[in-house]
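What follows is one structure encoded as structure tokens, with my remarks underneath.
The values are calculated or read from the model by the stated rules, or taken from the named source; none is laboratory data. All values reported here derive from a predicted model rather than from experimental measurement. We place every Cβ from the backbone using ideal geometry, glycine too, and count neighbours over all the protein chains shown.
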Amino acid sequence: MNPNDIHCENLIFSDHAINQMFKRDISVENTRMIVDFGEIIQDYPDDKPFPNCLLLGHISKRPIHLVIGVNKNECVVITANEPDPKLWDGNFKMKTKLECSLCKNGTTEKGYVTVTLEKGETIVLIKNVPAEVCTNCGHYYLSAETTQLVLDKGKEAYEKGTELEVVKLQVA
């Protein structure tokens, strides 16, 4: 989403945003300033019912993130929060750790996992796979590049008709 595409003549606030603003002492005026002058750091153009984006602004040196949905000249403030410095880089523009979407209680750290794939009669174990691993529940997340490598290894084994294959992933 191009910042020039955001024309929020009217701001409306979700119940979630109102609660988050109350907890964090973020005013409507603060929110308006971030919408008007903040920086888009993530774009979600395919979100429904309309495109969303993550904005970064600063209020009295406090970093604030807003997620807004843009519908013509109306913007919906979906949430407002202060980014956790343990999860974001020093500029609060990129996450350095993910929050686990499965357990909701852990964050991720870089590590290695074994991925098990099954299709038909084929089982493939792929060892040494670089991942972001939840410190609480062990759930893991792979990058798009690593996911494609894993899927390719699985497809190779399946097409050979292998019943069980154990592979050590070689990542550059």
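If you go through the range 131-172 and keep only what is at pLDDT 90 or above, of a type in the set (A, V, I, L, M, F, W, C) and more than 19 Å from the chain's Cα centre (by Cα), you end up with Leu149, Val150, Leu151, Ala157, Leu164, Val166, Val167. How many residues are among the charged types (D, E, K, R) and touching a residue at least 40 places away in the same chain (Cβ under 8 Å) if we restrict to the range 40-71? The qualifying residues number 1. Among the criteria (1) surrounded by 14 or more Cβ atoms within 10 Å (Cβ to Cβ); (2) farther than 26 Å from Thr107 by Cα, the one Trp88 does not fulfil is (2).
Out of curiosity, is Ser60 assigned by TED's automatic domain parsing to the domain that holds Val28 and hydroxyl-bearing (Ser, Thr, Tyr)? For Ser60, the condition - assigned by TED's automatic domain parsing to the domain that holds Val28 and hydroxyl-bearing (Ser, Thr, Tyr) - is met. Scanning the range 99-157 for residues that are of a type in the set (A, V, I, L, M) and within 14 Å of Val167 (Cβ to Cβ) turns up Val113, Val115, Leu117, Ile123, Val124, Leu125, Ile126, Val129, Leu149, Val150, Leu151, Ala157.
From the list Thr135, Thr122, pick out the single residue that is within 21 Å of Asp84 (Cβ to Cβ) and not acidic (Asp, Glu). Result: Thr135 is the single residue among Thr135, Thr122 that is within 21 Å of Asp84 (Cβ to Cβ) and not acidic (Asp, Glu). For the range 73-114, taking the residues that are of a type in the set (D, E, K, R) and touching a residue at least 24 places away in the same chain (Cβ under 8 Å), the one that is farthest from Ala17 (Cα to Cα) is identified as Glu109.
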